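Everything on this sheet refers to the single structure shown next.
The values are calculated or read from the model by the stated rules, or taken from the named source; none is laboratory data. Keep in mind it's a predicted model, so treat the numbers as computed, not measured. Note that we place each Cβ from the backbone using ideal geometry, even for glycine, and neighbour counts take in every protein chain shown. Just the protein is used for accessible areas: all its heavy atoms, side chains included, with ligands, DNA and RNA removed. Shrake-Rupley method; radii C 1.70, N 1.55, O 1.52, S 1.80 Å.
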Amino acid sequence: MKNKSLVSINDFSPEEHIRILELAGIFENRPKQRILEDYVIATLFFEPSTRTRLSFESAATRLGAQVIGFSDATSSSVRKGESLRDTILTVSNYCDLIVMRHPREGSARFASEVARVPIINAGDGANQHPTQTLLDMYSIRKTQGSLDNLNIAFVGDLKYGRTVHSLVMALCHYNTTFHLVSPLELKLPSAVKLHIKERNLTYHQYTDLQEVIPTVDILYMTRIQKERFSDPLDYEKVKMAYVLQNSMLINAKPNLRILHPLPRVNEITTDVDDNPKAYYFTQALNGVFIRQALLAAILGVVD
Ligand code: CP
């Protein structure tokens, strides 16, 4: 993985995904190791973030690296009209690796083609969020004991949900049965469903959330993303489509765990937070260990 960019989850092989999960386990047991003291990491966030940016910065800092960057592109020369190409070429001079989030699909691939250092995609529009996928896989494996033969429900905005797109692709290697719960307007894109079919796996589509709860091992809730709608009225129609409440979990399997990439708005009520099946805040913590593993592997400090 040394010097490789991670733009799509498929840029790394299934064996490399597992290696990152194993490394993350090592960092979970010993998070403070100053193995990146000679490195500078740039975090360029052209779109808002709490978890991804801060967990990358926490991961880098705990490993002894220096962090530079911006969390708001309006404080950079982008505001003066600088192109993405020029920004990336310039920042490549100042660091050993760039973590970038951008609202435009394909921007991370473009950045990886012009950068002189590896690029990690921290989310490009509605396309992919591969580091979230790795922490989701880590969370699933940790709570279920395996990634194989699971029933996994994805709920909410499956059309624009980049975390959903990259996680579905990664789980196609593990004989997953997919349960896709969304409003008709927000179904999983055909290209991602084709990926499932090509692996000879099964998916079922639903509009009713309650129907899937007794069947599944993982309930992966997502936010309906207001910022992806061009017409605010379309968002108003679906914004309350799914609201998971504690009372809805009575018939759930004992091993069910609820994941959510966060932030949440209204799709999980706070009475679920105390249910032992709620795993989303621990899932966010796992992001630190996964990002430590990615930084160390891509910088070639571990094999
Ligand atoms: N899960 C995730 O990408 O969260 P942030 O938008 O807060 O980074």
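From the P(r) of the chain, can you give the percent of Cα pairs sitting at distances over 25 Å? Please report the intermediate quantities before stating the final value.
Working: 21618 of 45753 pairs.
Here the tail beyond 25 Å accounts for 47 percent of pairs.
Give a quick list of chymotrypsin sites (Phe, Trp or Tyr not before Pro) in the range 151-207 that DSSP marks as loop, anything other than H, G, I, E or B, with at most 13 other Cβ atoms within 10 Å.
Listed in order of number, the matching sites amount to none.
Just to confirm the filter: which trypsin sites (Lys or Arg not before Pro) across the range 179-244 are DSSP coil and have at most 12 other Cβ within 10 angstrom of their Cβ?
Nothing satisfies the criteria.
In the range 130-281, carbon and sulfur make up what percent of the accessible area (probe 1.4 Å)? Provide the component values of the computation, followed by the final result.
Values: 3160 of 6440 Å².
Result for the range 130-281: 49 percent of the exposed heavy-atom area is carbon or sulfur.
Under Stokes-Einstein, with the Kirkwood radius over Cα pairs standing in for Rh, what whole-number D in µm²/s applies to the range 181-226 at 37 °C and 0.692 mPa s?
269
Test of the criteria: in the range 256-303, which chymotrypsin sites (Phe, Trp or Tyr not before Pro) are in a DSSP loop and have at most 10 other Cβ atoms within 10 angstrom of their Cβ?
none
Kirkwood Rh over alpha-carbon pairs of the range 130-281, then Stokes-Einstein at 37 °C and 0.692 mPa s: what D in µm² s⁻¹, rounded to an integer?
Value of D from the Cα-based Kirkwood radius: 212 µm²/s.
In whole angstrom, how far apart do the alpha carbon centroids of the range 1-79 and the range 90-168 sit?
11
Against the globular-protein guess of 2.2 N^0.38 Å, express the Cα radius of gyration of the range 1-159 as a ratio, rounded to two decimals.
My calculation over the Cα atoms of the range 1-159 gives 1.07.
Taking every DSSP beta bridge that has both residues in the chain, what percent is antiparallel when rounded to the nearest 5? Don't jump to the answer; show the numbers that get you there.
Numbers: 1 of 35 bridges.
About 5 percent, rounded to the nearest 5.
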